[in-house]
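The values are calculated or read from the model by the stated rules, or taken from the named source; none is laboratory data. Computed from a prediction, not measured in an experiment: that's the story for all the values here. Counting neighbours? That spans all protein chains shown, and the Cβs are built from the backbone with ideal geometry, glycine included.
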Amino acid sequence: MANVLEQLLNALALAGLLFLVSAGLSLVFGILRVVNFAHGVFYMLGAYLGFTTVALTGWFWPALVVVPPLVGVLGALLESTTLRFIYGRQPIYQLLLTFGLALILEESIRVLYGPTAKGVDPPPLLQGAFDLGGLLYPRYRLFLVVLGCTVGIAVWLFLRRTRAGLVIRAVAQNHEMADCLGADVARVRTLVFGAACALAGLGGVAAAPMTTAYLGMGIGVIVDAFVVVVVGGLGSIAGSMAGSLIVGAAQTWGAFYLPETAMVIMYAVMGVILVFRPWGLLGEEE
Amino acid sequence: MNRRRFLALSAASLATPAFVRRAWAQGPIRIGMPAALSGAYAQYGIQARRAADLFAKDIKAKGILGRPVEFIFEDTAGDPATAVRKAQKLVEKDGVKFLTGVALSSEALAVSAKCPEWKVIFMSTINGAGTLTTKSFHRYFFRVNTSGPMGARAISLYLAESPMKRFFALGSDYAWGRDSAASFTQQITVAKKDVVGTDYPPVGTKDFASYIAKIRQSRAEGVYLALPGQDATIYMKQAHQFGLSREVKPIMEILELENMKAVGDAMVGAIGSSRYPFTVDTPKNKDFVRRFHELHGVYPDMFDGETYEGLEWLAQVIAKAGTDDVEKVIDAWEDSGYEGLEGPFFMRKCDHQAVQPGFAVECVKDPKYPHPIPKILATYAGDKVTPKCRTEDFS
């Protein structure tokens with residue numbers, strides 16, 4: 001029984017992390033119609049800035065608060081200076097641009113921080129393990145479960161229950177109509193891109209104590225995030241949640257019960273879902 | 001960088017006596033380094049470059065055969081196809097006769113395969129894959145470093161003496177990880193101990209929770225880890241958070257400084273083999289470590305040491321051959337000896353694998369250093385840890 005509980009928690013913790021990354025990817029696609037290859041690098045940037053904040057202040061908590069806005073501002077700046085000018089073009093231009101940005105950012109981080117991975121310790125409150133009826137489980141992983149859920153609900157409520165969320169959804173549905181009705185589409189796009197990057201940055205800070213901050217972590221996570229978004233439905237926050245749970249479970253349970261086929265399972269699940277719902281579980285049919 | 005170095009060399013040549021200038025008129029001896037300087041494996045390429053920087057500084061005054069030495073770096077980003085392309089450029093455009101600094105075994109296999117055609121020497125100082133000196137061996141390939149199977153051998157010899165009886169093997173799902181896990185299993189079984197479980201996580205795994213749960217369930221006393229750099233770092237972090245490292249001793253095929261720096265105290269207590277522990281107590285090594293630290297501000301990791309040894313040995317061999325002619329250098333290198341940083345080296349003619357000491361080390365804390373360091377537990381003579389010629393057989 002403890003065994004099953006442990007596997008359940010492992011899947012939830014990974015899902016929490018995946019959600020923080022994939023939510024932004026999904027938002028950017030839903031509203032900007034851009035597949036953002038640079039998204040993983042903002043996640044990596046979050047982890048490295050998290051390391052710097054912890055090194056400077058000696059505290060983990062400030063990093064969670066300070067880093068996401070920093071990454072968000074950088075993202076918004078990049079959107080308004082580069083991406084903005086090629087929305088009208090074919091998707092291949094956006095792919096090339098975001099891929100180029102990813103390479104530039106990744107190598108800049110390497111030059112600044114050097115090749116050695118940077119370890120970040122969890123805050124004292126989250127070090128060690130909780131005793132869950134005989135099962136000792138790391139506190140930090142439980143924190144990831146809580147963080148993923150909290151952010152997920154907050155983003156969902158924001159999009160569904162606030163006026164700003166309404167405008168964003170309007171732009172997503174039909175940006176020309178939203179423009180005619182007085183929404184500042186360019187500004188919405190910049191803000192959404194920035195917010196998505198901030199979410200990725202938050203994911204990076206949260207991941208650092210579990211995986212350390214290292215070069216290549218962005219590329220590694222973006223593949224999983226794409227699977228999450230495809231499974232859950234592009235542009236849907238609830239879909240990202242569902243997708244994260246499915247991918248998290250497929251990876252952790254696959255590695256535990258069927259190790260030789262762990263990687264295949266994730267893609268097999270994605271394939272099956274695509275056959276029956278090509279627009280993803282909670283995406284909207286176009 | 002290259003241009004500046006070239007200009008400095010040109011300026012120096014104007015100020016030197018005529019007889020030296022004649023030797024220099026033959027042009028520099030060029031060593032090509034198609035190394036992974038960016039991307040996920042950059043730490044290995046950067047180690048090769050750090051070693052080359054120190055060696056270039058040491059050799060600057062006298063050169064080799066009175067000729068200056070010039071290093072040309074190319075970035076492969078850790079990709080075998082790029083490595084071949086960059087190596088080809090170095091050979092055909094820059095005219096290098098010696099290639100080294102290749103980081104990954106996959107790159108090395110690809111580049112090495114081309115060397116008989118190019119007629120240039122490939123000197124491995126990093127690449128572990130056993131096949132390089134067995135199935136894929138050819139006359140133009142030399143391995144100065146300890147190979148993967150040799151590392152597995154050193155730690156197996158150490159474990160054979162230890163009270164631990166039950167082991168779990170965790171190897172990355174590619175050639176090196178699978179080879180190492182198999183090699184370890186075979187040798188530990190010979191020592192009448194058990195491998196109670198084996199798993200192959202994919203390269204780039206970021207969550208080891210499932211594997212950690214399985215290792216705990218297996219009730220192993222030690223877990224043998226053949227995970228490349230970053231994967232090992234992540235595993236050690238997470239095993240510590242799950243409290244697994246207190247119950248199951250981590251045993252690493254290569255115990256790197258890079259991991260110790262990134263993981264910190266959570267790494268203390270891990271044991272493993274080291275191809276070059278910078279804590280080796282020889283006068284030559286102490287001098288090297290001091291000068292390396294002066295130049296780079298960090299302590300040398302495994303491939304810093306091994307690459308430096310390779311370059312120094314190569315320079316000695318060229319001097320002995322009296323020429324940089326590739327065929328003559330090969331003849332001079334075969335069956336020759338060299339006093340390395342950690343002890344005596346011998347280049348076997350039969351498979352061009354350098355026979356050298358093997359080490360079992362433990363990660364310990366030492367207040368003199370800013371990070372945990374490898375403490376040497378046991379040293380094994382070269383003939384104990386080097387396999388029979390062109391095999392991976394140690395019996």
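Table for the structure above
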read-out: Pairs, first closer than 11 Å to A:Leu202 by Cα in the range A:32-60, second among the polar types (S, T, N, Q) and assigned to a loop (DSSP other than H, G, I, E, B), C-beta under 9 Å, six or more apart; value: A:Phe42/A:Asn36; A:Ala47/A:Thr212
read-out: Residue identified as more than 14 Å from chain A (Cβ to nearest Cβ), more than 17 Å from B:Pro372 (Cα to Cα) and part of a loop (DSSP other than H, G, I, E, B) among B:Asp287, B:Asp281; value: B:Asp281
read-out: Residue that is surrounded by the fewest Cβ atoms within 10 Å (Cβ to Cβ) [pool: residues in the range B:198-220 that are more than 27 Å from A:Val223 (Cβ to Cβ) and facing chain A (nearest Cβ under 10 Å)]; value: B:Gln217
read-out: Candidates B:Val223, B:Val195, filtered to the one that is away from chain A (no Cβ under 14 Å) and buried (at least 24 other Cβ atoms within 10 Å of the Cβ); value: B:Val223
read-out: Matching option when the condition is touching a helix residue (DSSP H, G or I) at 6+ places or on another chain (Cβ under 6 Å) and at pLDDT 90 or above, among A:Ala238, A:Ala207, A:Ala268, A:Ala262; value: A:Ala207
read-out: Qualifying residue in the range B:302-315 (condition: touching a Gly at 6+ places or on another chain (Cβ under 6 Å) and modelled with pLDDT of 95 or more); value: yes
read-out: Lone qualifier among A:Leu70, A:Leu45 - being more than 14 Å from chain B (Cβ to nearest Cβ), at pLDDT 95 or above and either more than 15 Å from the chain's Cα centre (by Cα) or not in a helix (DSSP H, G or I) (or both); value: A:Leu70
read-out: Helices (runs of 4 or more DSSP H) enclosed by the range A:125-231 - at least 3 residues per element that are under 17 Å from A:Phe60 (Cβ atoms) and either β-branched (Val, Ile, Thr) or within 14 Å of chain B (Cβ to nearest Cβ) (or both); value: A:139-161, A:185-211
read-out: Which listed residue, of B:Gly269, B:Gly297, B:Gly343, is in the same structural domain as B:Gln241 (by TED's automatic domain parsing) and surrounded by fewer than 19 Cβ atoms within 10 Å (Cβ to Cβ); value: B:Gly269
read-out: Neighbours by Cβ (under 6 Å, 6+ apart or cross-chain): first from the range B:257-270, at the interface with another protein chain (Cβ under 7 Å from one of its Cβ atoms); second in a helix (DSSP H, G or I); value: B:Glu258/B:Gln43; B:Glu258/B:Gly229; B:Ala262/B:Thr233; B:Val263/B:Thr233; B:Val263/B:Met236; B:Val263/B:Lys237
read-out: Filter pass, B:Leu159 being assigned to a helix (DSSP H, G or I), farther than 16 Å from B:Gly222 by Cβ and of a type in the set (A, V, I, L, M, F, W, C); value: no
read-out: Residues located in the range A:89-111, provided they are over 20 Å from the mean Cα position of the chain (by Cα), surrounded by fewer than 16 Cβ atoms within 10 Å (Cβ to Cβ) and touching a residue at least 40 places away in the same chain (Cβ under 8 Å); value: A:Pro91
read-out: So B:Ala332, is it assigned to a helix (DSSP H, G or I), under 30 Å from B:Ala239 (Cβ atoms) and not acidic (Asp, Glu); value: no
read-out: Of all residues making up the range A:243-286, the number that are touching a Ser or Thr at 6+ places or on another chain (Cβ under 7 Å) and facing chain B (nearest Cβ under 9 Å); value: 4
read-out: Pick from the range B:120-139, criterion of a type in the set (Ser, Thr, Tyr) and not in a strand (DSSP E or B), ranking: surrounded by the fewest Cβ atoms within 10 Å (Cβ to Cβ); value: B:Ser136
read-out: Qualifying position, being within 14 Å of B:Ile254 (Cα to Cα) and of a type outside the set (Lys, Arg), among B:Ala181, B:Ala110, B:Ala209, B:Ala160; value: B:Ala181
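Residue-wise test of (1) in a loop (DSSP other than H, G, I, E, B); (2) touching a residue at least 24 places away in the same chain (Cβ under 8 Å).
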| site | (1), (2) |
| --- | --- |
| B:Phe346 | no, yes |
| B:Cys350 | yes, yes |
| B:Ala354 | no, yes |
| B:Ala360 | no, yes |
| B:Asp366 | yes, no |
| B:His371 | yes, yes |
| B:Lys375 | no, yes |
| B:Pro387 | yes, yes |
| B:Thr391 | yes, yes |
